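The values are calculated or read from the model by the stated rules, or taken from the named source; none is laboratory data. Remember, predicted model here, so these are calculated numbers, not experimental data. Positions of Cβ are generated from backbone atoms using ideal geometry, with glycine treated the same way; all protein chains shown enter the neighbour counts.
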Ligand SMILES: *Cc1c(COP(=O)(O)O)cnc(C)c1O
């Protein structure tokens, strides 16, 4: 055997071989099993010839982990970290290290999926119910949801909730002008297509005059105001209610530890950001926003809500409550398109509250408030009187001839202040502010030669900036969970105990169709916590964010090559937000050509629920088109509908390859039909994992797509967020990208609070693409196709794959049809999903896009060993179903109907089932070596929806039924 060359030896560090599960020998073996000679031959057999020629990538070749980390280190180094006093919704914070390492850097938390399967998600749902309790307590509202995307979009959701819930028939939403500018902008963006007016009262007088006049369905104020002052809104709330409108308050949870809560002033809906509870700036995100409201609105609240229900053994169990509200069910009648939210960040923020407790949080807030009072008193002495007499953490100063000098000294000292549109300056303090910062700020304002006041002297004399009437008197965070885990050991063990209850990708494949749960490699995750990425304020001057600029431009170029589009905006912070941005671009494009009447959006019935939800949010009318018996969109119906609506056709939204898991042959023809009738083609790019390196939507005729970086490009799902849903468009739509993109012409406003959305997690996708290179990305797609077809083929004797495309092959996922088995045995797809838990697996996607089915997407990262483990479990489950068919197992009392089985159930002294304990929990011998024990038995969905209870379980009730809220 000849000696390997240096080049061969070097090649062995290839990341590609770590990311892709099966090795080349296994790939060959699997190809044989499905009857194809090579990956290319398999690809040719699957991908239609009409789109295949568009595939070739121009990207660079792959980098090793070491090389890619060095490259991105360089990029990070071009960001400059200044001390930030900018505020405006983003504040400095110390992430407790126990949270940093054991949540943000811990795959048990960040690789989990949205908790649709309640039994394997009890840990993160407990964390989320803590989040809900924290938000409800601090705001003094009845109920809060389990996170929204950011404060600005939360305000927009509050506006539309108010529109639905208020008795007033007005279309006007009144907003106090001293609200964060990004919130004002997103409100405007969201209101316009819905025919709502956002009216901004520029002064307090104007606001009060406008309040008295009536004719609005809702009113929003920021408390504390964007420029820092605080006021009691109780009288205003009464006036608002007298006009049959709802009162919305945008607030700051840290301030609320000291301030009278919005719920105590008559607020109906309260929103805000939880960023300063331990989540770094990250140049704008991700952070968890929240919405809290009165109990009366709980059934129309957007986003996800964790509730308490009971399990089959009668104990308390958490579940996603009121799931019928999710866009999957409501579709074009949906009121919000929120799907992916900010779970990982909500978990971090809630744990920050758990760790500090009510006293710790109050102490932090008091320190901030005291420092603000001292800063104000000192600046007053130095001749700089703040604009307002009241404040929590923010002081503002009118512009004058000294302003330029102040800004110069700030810059020279590595300090950022906020400069408002009118030239006034604001200074926001936070948890990280020290005495030294106060003295530095004094010097910056008064010049180097000024004699500075003494901090301790001012501490004795400076009055509090919080007026006595606004001091908080009510208790909060009284539940034991916020009063127990204050030592690091307790915290560490609490986090571990919750993580142990859950199944995430650090323990098993999560073969969720449409969700693309692939490897989130450690090297991809490492850069996100570097200070050069995490400690940049989203409004820091551009010169300090050169590294981000380079990262964003570089990632944009990569995605342009991969998709065949011309420009990409990273502003949308979820896939659904990307859909919204894309449809807004289409809408603005039509309007720019004098065609604003075009408002019909064709959507095949197989589409993901967010598609129709986003379309209606853009003011479009959804026309549903049919699918044929083979799962393909019905081109005849599309043609007929396009002709029928020709004059008003705005767009078609289709997923490719379809959610039915097939590459439809006619996609190019469909694009032509839509274009002939003046419409635009929106391709939902959530399934891009089947396309990368094989075909490009932007080259086969599509005009716009959103991509899910949290699917195809390795950003972890975090238990239901964060996500990034970039909006990719052809050149003619680029001017209509959300403001913030370099090509945008400002005709479409911001769709999210920050120009580049959740910028701090973009390094993950950049690292992935850089380490895979063009050949690696193509191979990954091919292996994703191979893995799906391997599973489909191995399971064929046991379960029917519902839809196949060319040559009897599927794309990157396959739908297993359980309906015939249900007919014969009464066993449902859900029973199989729950039984898989006993085998240690997370279920595939249940009943989407077809009820009574399981959709399996293994991705390229699953090894042959893991695929076989899954297939073996599914085959064994099929044997159990067969035993029911044959009468060897009872139709009701069998391991499927009773799944999952807890340790408590099998260890009990009573065992009344008609099958042995071993069969319940060790149906395969291998499970004796490694066993996941679900903490609860099957969770009762109906009970949970009938008795909606969404707070921490009261201690005295811990053993009883939860009370109706
Ligand atoms: C995941 C998904 C979406 C929505 O993405 P989010 O990030 O959850 O908003 C849209 N369409 C399809 C087909 C998807 O699979």
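The rows are residues; the columns are (1) out of contact with any helix residue (DSSP H, G or I) (no Cβ under 7 Å at 6 or more places or on another chain); (2) within 13 Å of the ligand (Cβ to nearest atom); (3) in a strand (DSSP E or B).
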residue: 706; (1), (2), (3): no, yes, yes
residue: 725; (1), (2), (3): no, yes, no
residue: 743; (1), (2), (3): no, no, no
residue: 751; (1), (2), (3): no, yes, no
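Scanning the stretch 389-408 for residues that are surrounded by 19 or more Cβ atoms within 10 Å (Cβ to Cβ) and either part of a strand (DSSP E or B) or touching a strand residue (DSSP E or B) at 6+ places or on another chain (Cβ under 8 Å) (or both) returns 392, 393, 394, 395, 396, 397, 406.
Within the stretch 208-220, one or more residues are out of contact with any helix residue (DSSP H, G or I) (no Cβ under 9 Å at 6 or more places or on another chain) and either more than 25 Å from residue 388 (Cβ to Cβ) or modelled with pLDDT under 95 (or both).
Which of the following residues is modelled with pLDDT of 95 or more, in contact with a helix residue (DSSP H, G or I) (Cβ under 8 Å, 6 or more places away or on another chain) and assigned to a helix (DSSP H, G or I): 182, 188? Show your work before the answer.
Numbers: 188 fails: in contact with a helix residue (DSSP H, G or I) (Cβ under 8 Å, 6 or more places away or on another chain).
None of the others qualify; the one that does is 182.
The number of residues in the stretch 549-589 being under 24 Å from residue 68 (Cβ atoms) and assigned to a loop (DSSP other than H, G, I, E, B) comes to 1. Among the numbered conditions (1) farther than 22 Å from residue 183 by Cβ; (2) within 20 Å of the chain's Cα centre (by Cα); (3) part of a helix (DSSP H, G or I), the only one that residue 786 does not meet is (2).
Whenever a residue of the stretch 715-734 is within 13 Å of residue 585 (Cα to Cα), its partners that are within 10 Å of the ligand (Cβ to nearest atom) and in a loop (DSSP other than H, G, I, E, B), lying with C-beta atoms within less than 6 angstrom and at least six residues away or across chains, give the pairs 727/572. Give me a count of the residues in the stretch 676-692 that are in contact with a helix residue (DSSP H, G or I) (Cβ under 6 Å, 6 or more places away or on another chain) and more than 15 Å from the ligand (Cβ to nearest atom). Count: 4.
For residue 167, the conditions (1) touching a residue at least 24 places away in the same chain (Cβ under 8 Å); (2) surrounded by fewer than 21 Cβ atoms within 10 Å (Cβ to Cβ); (3) more than 26 Å from residue 264 (Cα to Cα) all hold with the exception of (3). If you go through the stretch 644-675 and pick out every residue that is part of a loop (DSSP other than H, G, I, E, B), in contact with a strand residue (DSSP E or B) (Cβ under 7 Å, 6 or more places away or on another chain) and away from the ligand (no atom under 14 Å from the Cβ), you end up with 2. Of the residues 477, 454, 492, 498, the single one that is in contact with a helix residue (DSSP H, G or I) (Cβ under 8 Å, 6 or more places away or on another chain) and surrounded by fewer than 20 Cβ atoms within 10 Å (Cβ to Cβ) is 492.
Go through the stretch 24-66 and count every residue that is in a helix (DSSP H, G or I) and touching a residue at least 40 places away in the same chain (Cβ under 8 Å).
So the count comes out to 17.
Confirm whether residue 720 is touching a helix residue (DSSP H, G or I) at 6+ places or on another chain (Cβ under 7 Å) and either assigned to a strand (DSSP E or B) or over 22 Å from residue 810 (Cα atoms) (or both). Answer is yes for this residue. Checking the stretch 449-472 against the condition returns a match, with at least one residue being part of a strand (DSSP E or B) and either closer than 27 Å to residue 257 by Cβ or modelled with pLDDT of 95 or more (or both). Residue 570 passes every criterion in (1) touching a strand residue (DSSP E or B) at 6+ places or on another chain (Cβ under 8 Å); (2) at pLDDT 95 or above; (3) more than 10 Å from the ligand (Cβ to nearest atom); (4) more than 11 Å from residue 650 (Cα to Cα) apart from (1).
Selection of the stretch 822-844 for residues being over 24 Å from residue 918 (Cβ atoms) and touching a helix residue (DSSP H, G or I) at 6+ places or on another chain (Cβ under 7 Å) yields 824, 828. Restricting the first member to the stretch 317-328 and to residues that are in a helix (DSSP H, G or I), and the second to residues that are at pLDDT below 80, the beta-carbon pairs closer than 9 Å and six or more apart or on different chains are 323/329; 324/330.
Quick grid of which residues meet (1) part of a helix (DSSP H, G or I); (2) over 26 Å from residue 184 (Cα atoms):
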site	(1), (2)
116	no, yes
138	yes, no
146	no, no
160	yes, no
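Go through the residues of the stretch 512-534 one by one and say whether even a single one is within 23 Å of the chain's Cα centre (by Cα), part of a strand (DSSP E or B), within 16 Å of the ligand (Cβ to nearest atom) and over 21 Å from residue 671 (Cα atoms). Yes, the conditions are met somewhere in the stretch 512-534.
One line per residue, one yes/no per condition, for (1) touching a strand residue (DSSP E or B) at 6+ places or on another chain (Cβ under 9 Å); (2) without any contact (Cβ under 8 Å) to a residue 12 or more places away in the chain:
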residue	(1), (2)
482	no, no
487	no, yes
498	no, no
513	yes, no
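Given the criteria within 21 Å of residue 948 (Cα to Cα), more than 16 Å from the ligand (Cβ to nearest atom), in a helix (DSSP H, G or I) and over 16 Å from the mean Cα position of the chain (by Cα), does residue 283 qualify? For residue 283, the condition - within 21 Å of residue 948 (Cα to Cα), more than 16 Å from the ligand (Cβ to nearest atom), in a helix (DSSP H, G or I) and over 16 Å from the mean Cα position of the chain (by Cα) - is not met. Of the helices (runs of 4 or more DSSP H) lying entirely inside the stretch 803-898, those carrying at least 2 residues that are over 27 Å from the mean Cα position of the chain (by Cα), surrounded by fewer than 24 Cβ atoms within 10 Å (Cβ to Cβ) and without any contact (Cβ under 8 Å) to a residue 24 or more places away in the chain are 819-825, 864-885. Within this structure, residue 579 fails the test of being within 16 Å of the ligand (Cβ to nearest atom) and surrounded by fewer than 19 Cβ atoms within 10 Å (Cβ to Cβ).
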